[in-house]
Amino acid sequence: QVQLVESGGGLVQPGGSLRLSCAASGRTISSSGLGWFRQAPGKEREFVAAISSSSAFTAYSDSVRGRFTISRDNAKRTVYLQMNSLKLEDTAVYYCAAGTSAVSIRQGRCDSWGQGTQVTVSS
């Protein structure tokens, strides 16, 4: 089992940037896919981004592609989500997830979830 703890959320104006971090503990994650999901009020949780164990493969939802960048540092056991050009509709609780691969995460098949961090985009 992997324990995941997100940080870096907060309040930002439209057009601004934030970087989320997710620290992993427990079993090694160097061979695991990692990703991010989000859930806005009244909506279902949705896939945001995923990255393979070697960082060779990344995947993004259409709504964030070109604005968000996922990356990871296996030595620090951390995955990041750099969010640029934030929009009002990016407001949500963002969750970190771990799974067998980036493909499995993109399909929603995740083994572990973090508790979430709130991102609010507002003027």
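Please compute the per residue accessible area over the range 27-82 with all protein chains in place, 1.4 Å probe, rounded to a whole number of Å².
Details: 2750 Å² over 56 residues.
Result: 49 Å² per residue.
Please list 3J(HN,Hα) in residue order for the range 25-35, calculated via the Karplus relation 6.51 cos²θ - 1.76 cosθ + 1.60 where θ = phi - 60°; whole Hz, with x for glycine and proline.
9, x, 5, 4, 10, 4, 9, 9, x, 10, x
Can you work out ³J(HN,Hα) from phi for every residue in the range 78-86, in order, using Karplus 6.51 cos²θ - 1.76 cosθ + 1.60 and θ = phi - 60°, giving whole Hz and x for Gly and Pro?
Using θ = phi - 60°, the values come out as 9, 10, 10, 9, 8, 10, 10, 6, 5 Hz.
Quick one: which residues, 5 or more positions from GLY116 or on another chain, have an amide H under 5 Å from its amide H? H modelled 1.01 Å from N in the peptide plane, none for Pro or chain starts.
The list, which skips near neighbours in sequence, is GLU6, CYS96.
Which ³J(HN,Hα) values, rounded to whole Hz and listed in residue order, are derived for the range 95-110 from phi using the Karplus coefficients 6.51, -1.76 and 1.60 in 6.51 cos²θ - 1.76 cosθ + 1.60 with θ = phi - 60°, glycine and proline given as x?
10, 8, 9, 10, x, 4, 8, 5, 5, 5, 5, 4, 8, x, 8, 10
Using a Förster radius of 22 Å, what is the FRET efficiency between ASN84 and SER123 based on their Cβ-Cβ separation? Nearest 0.05, please. Write down the numbers at each step before the final one.
Values: r = 17 Å, r/R0 = 0.77.
Approximately 0.85, to the nearest 0.05.
Relative to a virtual label point 7 Å from the Cα of SER30 in the Cα→beta-carbon direction, which members of the range 44-61 show backbone nitrogen distances below 18 Å?
Residues passing the 18 Å test: 52-57.
Stretch THR100-ARG67 to full length: gain in nm at 0.36 nm per residue minus the Cα-Cα span?
Numbers: separation 33, 0.36 × 33 = 11.88 nm, distance 2.56 nm.
Length gained, THR100 through ARG67: 9.3 nm.
In whole percent, how big is the carbon plus sulfur part of the accessible area of the chain, probe 1.4 Å, protein atoms only? The partial results should precede the final answer.
On the way: 2830 of 6010 Å².
Carbon and sulfur together cover 47 percent of it.
Please list LEU18, LEU86 from largest to smallest accessible area, probe radius 1.4 Å, with all protein chains kept in place. Before the final figure, lay out the partial values.
Details: LEU18 30, LEU86 5 Å².
The most accessible residue leads, giving LEU18, LEU86.
Give the cysteines in the chain for which no other Cys Cβ lies under 4.7 Å away, or write none if there are none.
That list is CYS110.
Counting DSSP beta bridges with both partners in the chain, what percentage is antiparallel, nearest 5? Before the final figure, lay out each step's value.
Working: 38 of 42 bridges.
Percentage antiparallel, nearest 5: 90.
So for PHE47, PHE37, what's the accessible-area order with a 1.4 Å probe, most first? Don't skip to the answer; put the middle values down first.
Numbers: PHE47 35, PHE37 10 Å².
Solvent-accessible surface, decreasing: PHE47, PHE37.
Subtract the Cα-Cα distance of GLN107 and GLN39 from 0.36 nm times their separation in residues, and report this length gain in nm to one decimal. Can you show the working numbers first?
Working: separation 68, 0.36 × 68 = 24.48 nm, distance 1.59 nm.
So the extension gain works out to 22.9 nm.
Tell me the accessible surface of TYR80 in square angstrom (1.4 angstrom probe, heavy atoms of protein chains only), to the nearest ten.
30
Given the range 11-83, what percent of its DSSP beta bridges are antiparallel, to the nearest 5?
That works out to approximately 95 percent antiparallel.
Which value, in Å² and to the nearest 10, is the accessible area of ASP73 when all protein chains are kept and the probe is 1.4 Å?
Its heavy atoms expose roughly 50 Å² to the probe.
Run the 1.4 Å probe and let me know the accessible area of LYS76, rounded to the nearest 10 Å².
We get 130 Å² for LYS76.
The values are calculated or read from the model by the stated rules, or taken from the named source; none is laboratory data. Keep in mind the model is a prediction, meaning the values are calculated, not measured. Please note: Cβ atoms are built from the backbone with ideal geometry, for glycine as well, and neighbour counts cover all protein chains shown. Calculation scope for accessible area: heavy atoms of the full protein, side chains included, ligands and nucleic acids excluded. Shrake-Rupley method; radii C 1.70, N 1.55, O 1.52, S 1.80 Å.
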